[in-house]
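The values are calculated or read from the model by the stated rules, or taken from the named source; none is laboratory data. Just so it is clear, the model here is predicted, and its values are computed rather than measured. Note that we place each Cβ from the backbone using ideal geometry, even for glycine, and neighbour counts take in every protein chain shown. Side chains are part of the model used for accessible areas, which takes the heavy atoms of the whole protein and leaves out ligands, DNA and RNA. Shrake-Rupley method; radii C 1.70, N 1.55, O 1.52, S 1.80 Å.
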Amino acid sequence: MPELPEVETVKRGLAKSLKNKVIKDFDCDWQKMINYPLKDYRDKILGLIVIDVERIAKMIKIKLSDNLNILIHLKMTGQLVFSQPEITEEKDCVIGGHPIIEGFNCLPNKYTHAKFIFTDNSHLFFNDVRKFGWVRLFNDQELKDQIAKLNMGAEPLRSEFTLRYLQNKLKSRPKSKIKPFLLDPKNLVGIGNIYSDEICYFAKISPERLVKSFKKNEIELIYKGIQAILKASIKEQGTTFRDYRNSSGEPGGYAKKLKVYGRNGQPCLKCKQIINKTKIAGRTSSFCPNCQK
Ligand SMILES: [Zn+2]
């Protein structure tokens with residue numbers, strides 16, 4: 001599942017390509033992906049202009065004229081591909097999400113379940129191997145209501161996420177271990193297995209520590225770690241997913257910078273002790289038993 005840096009990467013790639021495009025046609029062969037019958041969905045969006053592309057937690061919002069919004073969740077295997085009218089080289093595409101399977105020159109393919117066609121004949125394809133992802137349409141008020149219903153915590157890279165916010169959230173969940181605390185979108189959005197492990201390593205804390213055991217300076221380190229790790233990953237276009245222009249299926253650059261995630265059995269880059277793994281709340285966590293206490 002893509003986490004915040006990966007979805008942010010997809011969003012940035014699409015924002016450049018989609019702005020000001022006018023929707024000429026829409027098609028979808030998997031009704032569960034959309035929240036209106038196909039004909040109604042199409043009728044509502046034909047002729048509308050893409051105003052902007054934003055990220056909300058792990059979702060992508062395509063803001064349209066007429067106060068409408070397309071909200072997209074990639075889930076496990078969703079992928080968005082924007083293609084210029086003529087695809088001759090891979091750089092004519094912006095690909096984001098799950099690594100492409102069929103190749104850029106094979107679009108649409110058997111995994112393409114939704115497609116937007118713009119008046120300049122460029123396309124946006126939504127491909128999804130397992131079909132858990134969705135592409136839903138909401139007006140501004142409906143979108144607001146949907147988001148409110150999710151009762152999401154702060155966006156870790158926006159001003160709403162302050163040290164005080166983190167302190168208060170930790171205080172409200174004293175018996176939680178830090179790893180599941182970081183994974184819970186009601187506390188903070190966008191953090192999954194990869195970044196929760198990296199944040200714990202950064203803060204030198206065991207992923208199993210109880211929230212109530214933290215000292216002030218440790219909370220400050222967690223706060224700093226959340227921001228530093230997510231920012232560094234965005235800079236590298238994420239870990240397992242990226243918006244790429246010259247190769248297919250390549251992992252994001254942050255994969256090379258991971259300190260603990262996926263490194264069980266290998267030596268810690270700081271102290272050379274072997275990285276361990278353990279299961280916490282059903283999720284595998286990697287950590288250095290020496291550096292993290
Ligand atoms: Zn170590």
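Some values worked out for this structure:
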{"item": "Failed item in (1) of a type in the set (A, V, I, L, M); (2) closer than 30 Å to Ile45 by Cα; (3) over 21 Å from the mean Cα position of the chain (by Cα), with Leu163 passing the rest", "result": "(2)"}
{"item": "Complete set of residues in segment 145-164 that are assigned to a loop (DSSP other than H, G, I, E, B) and among the aliphatic types (A, V, I, L, M)", "result": "Met152, Leu157"}
{"item": "Cβ-Cβ under 9 Å pairs, at least 6 apart or on other chains, segment 63-78 side under 24 Å from Asn109 (Cβ atoms), far side assigned to a loop (DSSP other than H, G, I, E, B) and small (Gly, Ala, Ser)", "result": "Ile72/Gly133; His73/Gly133; Leu74/Gly133; Lys75/Gly133; Met76/Gly133; Thr77/Gly133; Gly78/Gly133"}
{"item": "Strands (runs of 3 or more DSSP E) contained entirely in segment 2-81, each with at least 3 residues that are at pLDDT 95 or above and of a type in the set (Gly, Ala, Ser)", "result": "none"}
{"item": "Filter result for the condition that a residue is part of a strand (DSSP E or B), on the phi < 0 side of the Ramachandran plot and modelled with pLDDT under 95, over Thr284, Thr278", "result": "Thr284"}
{"item": "Selection count, segment 208-259, where residues are at pLDDT 95 or above and either not in a helix (DSSP H, G or I) or not aliphatic (A, V, I, L, M) (or both)", "result": "17"}
{"item": "Complete set of residues in segment 251-270 that are open to solvent by less than 40 Å² (accessible area, probe 1.4 Å) and either outside the structural domain of Ala232 (by TED's automatic domain parsing) or within 16 Å of the ligand (Cβ to nearest atom) (or both)", "result": "Leu258, Val260, Arg263, Cys268"}
{"item": "Residues within segment 252-271 that are within 17 Å of Leu4 (Cα to Cα) and touching a residue at least 40 places away in the same chain (Cβ under 8 Å), tallied", "result": "4"}
{"item": "Restricting segment 131-147 to residues that are polar (S, T, N, Q) and in contact with a strand residue (DSSP E or B) (Cβ under 7 Å, 6 or more places away or on another chain), the residue that is nearest to Tyr41 (Cα to Cα)", "result": "Asn139"}
